[in-house]
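Colleague: Got a structure for you, questions after.
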Amino acid sequence: MKIDNNQLLRFTTAGSVDDGKSTLIGRLLYDSKSIFEDQLISIENTSKRRGHEGIDLALFTDGLRDEREQGITIDVAYRYFTTPKRKFIIADTPGHVQYTRNMVTGASTANVAIILVDARHGVIEQTKRHAFIASLLQIPHIIVCVNKMDLVDFTEDAYNNVISQFEEFSSKFLIKDIRFIPISALLGDNVVNRSENMDWYQGAPLLHTLETMHISSDLNKVDARFPVQTVLRPQREGFLDYRGYAGRVASGIFRLGDEITVMPSGFTSKIKSIDTFDGELEEAHAPMSIAITLEDDIDIGRGDMIVRSNNKPETSQDMEVMLCWLHNNPARPRAKYTIMHTSNEQKAMIKEVLYKIDINTLKSKTDDDSLNMNDICKVTLRTTKPLMYDCYRENRTTGSIILIDDSTNETVAAGMIL
Amino acid sequence: MSKYYLNYLDELEAEAIYVLREVWAQFQKPVILFSGGKDSIVVTHLAQKAFYPSKIPFPLMHVDTGHNFPETIKFRDDLINSLGVELLVGSVQDSIDQGRVAEERGKHATRNALQITTLLDAIENNKIDCAIGGGRRDEEKARAKERFFSHRDEFGQWDPKNQRPELWNIFNGKYFEGEHFRVFPISNWTEMDVWNYIKREKIEIPSLYYAHIREVVWRSNSWIPYSEFTVLEENEAVLSKKIRFRTLGDITITGGIESEADTLEKIVDEVSAMRNTERGNRSDDKRSESAMEDRKRQGYF
Ligand SMILES: Nc1nc2c(ncn2[C@@H]2O[C@H](COP(=O)(O)OP(=O)(O)O)[C@@H](O)[C@H]2O)c(=O)[nH]1
């Protein structure tokens with residue numbers, strides 16, 4: 001396999017129960033020969049024990065024991081497969097009660113969302129919810145798989161119906177790239193191999209689409225942002241005066257000699273070197289992990305952000321955020337939480353709930369300011385010190401936050417800065 | 001012309017380095033759990049990159065079952081010397097001698113379960129708040145839902161149903177006194193990725209991974225090395241075979257496969273043609289379908 005240019009693509013799958021999500025993932029793994037023999041044998045045995053005919057592909061994505069016993073999946077699970085073109089990471093985010101929380105989690109790092117629709121039922125409430133969350137999390141590409149085409153005689157009408165229903169409601173959402181593929185996960189049509197039953201469909205099968213989709217422009221290449229994770233001070237022979245700022249480029253490109261500003265202090269300097277274990281670089285871009293040294297001695301630490309002087313992020317203690325509540329304990333009014341944003345950490349207070357989105361109707365409600373598990377609300381946050389951020393739509397790394405409840409240390413909310 | 005994207009190995013490397021730096025920034029006393037196996041060797045290599053030009057700023061910790069491949073110990077000591085980092089050792093033999101655990105008996109006895117106590121004792125005694133491991137989500141079903149930052153309660157236990165959601169690349173490493181974290185920087189790597197990376201980076205690994213002639217016994221569908229700890233059953237014979245190991249652990253249960261792969265190139269080719277998962281050769285995972293999950297809950301690696 002040629003690995004030099006192969007990229008990593010992360011995708012998440014969404015669908016309501018029984019739309020065929022597990023079968024689809026099983027099919028992708030099986031047809032791309034990513035299932036090992038010993039796993040296959042164990043799945044065959046389980047299929048037989050449960051009285052299934054042949055092998056139940058859905059079993060491959062079964063997770064922990066409780067879930068196996070209850071026959072349900074409840075948390076995000078990650079799967080991997082590689083083809084000669086790409087490496088894939090699947091965030092498998094199953095349905096049920098905590099759906100929003102799971103899908104938001106899986107969607108946060110995804111390049112692509114695959115949304116399943118049962119061809120017999122067409123677009124349902126759940127589908128709208130999934131598309132909404134995908135657009136809220138700004139997943140750059142959405143693929144709607146119209147599944148179970150075998151149960152509608154592989155007719156083009158059923159497929160076209162789903163497209164028009166989908167486009168009708170999704171025009172309101174910010175979705176950059178959306179495609180539709182008619183498939184049968186059970187029989188394999190248009191998953192890895194082109195369907196022989198649907199010659200009216202001219203597009204590519206799902207796997208080919210995933211393998212060739214253009215994703216390198218999904219990253220923000222304009223706004224150079226470098227959150228400092230830690231400072232490297234080797235204090236050993238050859239590096240006695242070395243002071244390197246270690247971090248991962250969040251977005252944009254940094255080059256030697258660039259005029260930079262350190263936020264929030266506002267000190268300016270120039271990039272003296274971009275260092276890695278493998279040698280010095282001329283330039284670095286997202287998502288590279290590097291160390292930067294500067295021409296001047298400036299006091300910089302974790303939580304600071306190095307940016308190019310001609311392009312600075314917003315700096316404010318007040319911001320509007322779309323917040324998704326992830327915890328069983330509801331938000332306490334005006335309570336303080338720890339906020340984590342890039343490498344920066346401080347305290348924040350939810351000042352006001354502006355509105356809540358009814359996930360069923362996708363309408364906003366202003367008469368309810370409680371924040372419970374799975375709620376999505378627009379809120380105003382106030383932090384103790386200024387935060388350096390970009391809006392999430394432009395920058396998924398510098399526009400995202402989590403809230404932590406200090407009394408439990410649990411992550412209770414995820415937020416996208418508007 | 002420069003391209004402004006990374007290939008997948010570079011992206012996995014950048015992610016792992018980011019995670020390791022988060023560990024250093026968020027925890028007081030982290031360690032790398034070092035088994036001498038290829039995954040912990042890769043994690044150590046990544047840590048070297050993460051903190052360069054500084055040395056790795058935390059110790060390596062080895063949970064020593066006492067049933068070692070001599071090659072593993074030599075490899076470990078050489079690596080420690082060349083990196084100039086501290087080594088901590090938790091000894092299962094000590095745990096047995098102190099009566100903390102009792103040795104299993106019988107043909108299938110292993111010290112695998114015993115490691116849990118030794119590990120948790122070592123974590124407590126050394127006040128370790130974060131143990132960095134080489135676990136990967138592709139290894140086993142139970143690991144597929146594991147987080148990068150995995151919280152352990154004061155009994156060292158993992159609660160798979162109550163994990164903190166992990167979004168974007170923001171890691172919440174907050175804990176109360178007595179609790180700790182396990183962190184898995186190569187969560188998103190597969191066995192194939194690890195081998196390709198070892199090959200690309202020319203990382204030194206123990207000779208045991210290369211095909212070599214060895215005295216072995218056929219047990220639980222793989223070639224178990226014949227060693228001073230082997231108790232032969234009546235119908236078992238010691239044979240001489242050309243084998244190599246896909247994972248390294250306790251010498252009494254680590255099974256090898258017959259192989260001619262004596263170079264990294266050949267190993268990578270062999271692994272990519274492989275029809276079985278690497279854990280398929282470890283008898284400890286075969287006991288029941290939920291074996292790994294049970295051990296993980298109790299605080300296994
Ligand atoms: N006829 C047909 N059945 C399917 C198809 N895909 C999935 N199924 C069946 O639908 C049921 C639910 O599928 P599953 O993958 O478990 O759905 P999930 O809940 O979304 O993971 C199972 O009985 C599958 O065999 C398909 O393309 N055609």
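Colleague: Give all pairs with beta carbons closer than 7 Å in which a residue from region A:185-214 that is more than 14 Å from every other protein chain (Cβ to nearest Cβ) and assigned to a loop (DSSP other than H, G, I, E, B) meets a residue that is of a type in the set (Phe, Trp, Tyr) and within 11 Å of the ligand (Cβ to nearest atom); count only pairs at least 6 apart in sequence or on separate chains.
Modeller: Hits for this filter: A:Asn197/A:Phe154; A:Met198/A:Phe154.
Colleague: Which residue pairs have Cβ atoms closer than 6 Å, lie 6 or more positions apart in sequence or on different chains, and pair a first residue in region A:21-34 that is more than 14 Å from every other protein chain (Cβ to nearest Cβ) with a second residue that is away from the ligand (no atom under 12 Å from the Cβ)?
Modeller: Here the result reads A:Asp31/A:Val192, each pair linking region A:21-34 to a residue that is away from the ligand (no atom under 12 Å from the Cβ).
Colleague: Would you say A:Thr109 is part of a loop (DSSP other than H, G, I, E, B) and of a type outside the set (Gly, Ala, Ser)?
Modeller: The answer is yes for A:Thr109.
Yes or no, residue by residue, for (1) at pLDDT 95 or above; (2) among the β-branched types (Val, Ile, Thr); (3) in contact with a helix residue (DSSP H, G or I) (Cβ under 9 Å, 6 or more places away or on another chain):
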| site | (1), (2), (3) |
| --- | --- |
| B:Asp10 | yes, no, no |
| B:Glu15 | yes, no, no |
| B:Val43 | yes, yes, yes |
| B:Ala50 | yes, no, yes |
| B:Pro57 | yes, no, yes |
| B:Phe69 | no, no, yes |
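Colleague: Only residues that are in contact (Cβ under 8 Å) with a residue 60 or more places away in the chain, within 13 Å of the ligand (Cβ to nearest atom) and out of contact with any Gly (no Cβ under 7 Å at 6 or more places or on another chain): list them for region A:131-157, please.
Modeller: Residue satisfying the conditions is A:Cys145 alone.
Colleague: Moving on to the next point. Within region A:182-194, can you find the residues that are more than 12 Å from the ligand (Cβ to nearest atom) and either touching a strand residue (DSSP E or B) at 6+ places or on another chain (Cβ under 7 Å) or over 26 Å from A:Asp218 (Cα atoms) (or both)? Working first, answer last.
Modeller: Taking region A:182-194 as the starting set, the residues that turn out to be more than 12 Å from the ligand (Cβ to nearest atom) are A:192-194.
Answer for region A:182-194, where residues must be more than 12 Å from the ligand (Cβ to nearest atom) and either touching a strand residue (DSSP E or B) at 6+ places or on another chain (Cβ under 7 Å) or over 26 Å from A:Asp218 (Cα atoms) (or both): A:Asn193, A:Arg194.
Colleague: Quick check on my filter: what residues within region B:227-272 are under 22 Å from the mean Cα position of the chain (by Cα) and among the basic types (Lys, Arg)?
Modeller: Residues satisfying the conditions are B:Arg244, B:Arg246.
Colleague: Any idea which of A:Leu294, A:Leu281 is within 11 Å of another protein chain (Cβ to nearest Cβ) and either at pLDDT below 95 or surrounded by fewer than 21 Cβ atoms within 10 Å (Cβ to Cβ) (or both)? I'd like the intermediate steps shown before the answer.
Modeller: Details: A:Leu294 fails: within 11 Å of another protein chain (Cβ to nearest Cβ).
The match here is A:Leu281.
Colleague: Quick one: which residue in A:Ser170, A:Ser195 is buried (at least 20 other Cβ atoms within 10 Å of the Cβ), closer than 22 Å to A:Ile142 by Cβ and at pLDDT below 90?
Modeller: A:Ser170
Colleague: With the requirement that a residue be farther than 24 Å from B:Asn169 by Cα and assigned to a loop (DSSP other than H, G, I, E, B), what does region A:279-310 give you?
Modeller: A:Glu282, A:Glu295, A:Asp296, A:Asp297, A:Ile298, A:Asp299, A:Ser309, A:Asn310
Colleague: So, in region A:362-418, exactly how many residues are more than 19 Å from A:Glu352 (Cα to Cα) and aliphatic (A, V, I, L, M)?
Modeller: Residues meeting the conditions: 2.
Colleague: Kindly list the number of the only condition in (1) in a loop (DSSP other than H, G, I, E, B); (2) within 28 Å of A:Ile35 (Cα to Cα); (3) not polar (S, T, N, Q) that fails for B:Gly178.
Modeller: Result: B:Gly178 passes all but (2).
The values are calculated or read from the model by the stated rules, or taken from the named source; none is laboratory data. This structure is a prediction, so every number in the text was calculated from the model and none was measured. No Cβ is skipped: glycine too gets one built from the backbone with ideal geometry, and neighbour counts run over all protein chains shown.
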